[in-house]
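Data first, discussion second: the structure below is written as structure tokens.
The values are calculated or read from the model by the stated rules, or taken from the named source; none is laboratory data. Remember, predicted model here, so these are calculated numbers, not experimental data. Note that each Cβ is placed from the backbone with ideal geometry, even for glycine, and that neighbours are counted across all protein chains shown. The accessibility values were calculated without ligands, DNA or RNA, using every heavy atom of the protein model including side chains. Shrake-Rupley method; radii C 1.70, N 1.55, O 1.52, S 1.80 Å.
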Amino acid sequence: MYYKFSSFTQNLTGAVAAAAYNPQGLKPLVSTELPSSIFGTPTKVASESPAAVSYWGKNKVPELQKLFQKSDGVLVHLKQGVPDKLLYRTTMALALGGSIYCLIALYMASQPKNRK
């Protein structure tokens with residue numbers, strides 16, 4: 001005898017062999033036909049595209065490697081000048097301000113309320 005799980009009763013129920021081997025209404029055969037084309041124009045396969053890829057600019061990696069590997073005593077995240085310094089200082093100011101705000105909020109929460 002064959003059994004299958006019934007989603008309606010949440011129990012095992014008796015079944016025929018075909019239903020037991022294809023549970024929950026799954027179909028035993030899968031169609032091998034390709035679906036019809038949605039768009040009228042054919043798509044280009046990756047192997048048909050040209051091997052050389054054109055970029056908008058030149059490769060800056062070697063110059064940046066030289067810049068970041070130079071031993072000049074400057075921190076890596078500050079080596080690109082003014083924009084890096086601005087971002088670093090803004091981040092540090094926000095972190096310090098948030099820490100002070102948290103300490104003030106903890107102090108205010110620790111004080112009992114005055115009952116009049």
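Quick notes on this structure:
- Within the shell of other residues whose beta carbon sits under 12 angstrom from the beta carbon of residue 66, the net charge comes to +1, with Lys and Arg scored +1 and Asp and Glu -1.
- Accessible area per residue (1.4 Å probe, heavy atoms of protein chains only) ranks 89, 115 as 115, 89, with the largest value leading.
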